[in-house]
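Single-structure report; data block below.
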Amino acid sequence: MLFGQSVFQSVLERLKAEDETEEDAEAPAAHRVSGLATGLAFDVMEGVSAASQRVGQAYFDNLELDAAAIEPEQAPPSEPEPVMPDHLARTAPAEVAAELAISAADTPLTLGEKRRAFARTNHPDRVAPPFRDNATKRMTLANLLIDEALRRIGR
């Protein structure tokens with residue numbers, strides 16, 4: 001057997017021959033997997049319905065609810081339309097500057113406090129989605145005005 005064949009080919013032939021003899025010996029046990037000494041768990045269970053073998057159906061089988069008892073889902077109550085706060089309507093640079101009230105007496109510390117206080121009420125992430133454009137404009141203007149004041153102070 002070794003003559004005219006490589007060692008790998010002879011090993012393959014021997015393994016094929018062993019598999020054929022095992023298949024002949026285990027012909028009635030078709031549910032077994034070659035190489036495993038025991039059967040699979042679902043083969044051991046008796047009386048299992050075919051419906052519970054489907055993963056999606058198994059959940060509903062265990063609910064023990066009648067299909068007629070399930071009420072159709074009701075639409076959640078609609079939320080009222082958000083109302084835009086008055087300050088978000090003021091997007092002119094002069095209006096934002098008046099709100100910030102930047103003066104010559106401001107220090108970098110006070111300007112930082114003004115920036116944070118303005119962002120608390122005007123940041124786009126803190127307002128309803130329909131008003132984010134106005135909030136973005138206001139925050140952009142406020143940041144520009146505060147940055148300009150910080151440049152004048154010379155940090």
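The values are calculated or read from the model by the stated rules, or taken from the named source; none is laboratory data. These numbers were taken from a predicted model, which means no experiment stands behind them. Please note: Cβ atoms are built from the backbone with ideal geometry, for glycine as well, and neighbour counts cover all protein chains shown. Please note that ligands, DNA and RNA were not included when accessible areas were found on the heavy atoms of the full protein model with its side chains. Shrake-Rupley method; radii C 1.70, N 1.55, O 1.52, S 1.80 Å.
Residues of region 76-91 with an amide N closer than 15 Å to a point placed 7 Å from the Cα of A128 along the Cα-to-Cβ direction: 78-89.
Per-atom-type breakdown for region 75-132 gives carbon and sulfur 60% of the accessible area (1.4 Å probe, protein chains only). One decimal place: the segment V11-H87 gains 19.0 nm when fully extended, by the rule 0.36 nm per residue minus the C-alpha distance. Between I153 and R116, full extension at 0.36 nm per residue minus the direct alpha carbon distance yields a gain of 11.5 nm.
Figure the gain on full extension for A94 and L109 (residue separation times 0.36 nm, minus the Cα-Cα span) and round it to one decimal in nm. Write down the numbers at each step before the final one.
Values: separation 15, 0.36 × 15 = 5.40 nm, distance 2.28 nm.
Stretched out fully, the A94 to L109 stretch lengthens by 3.1 nm.
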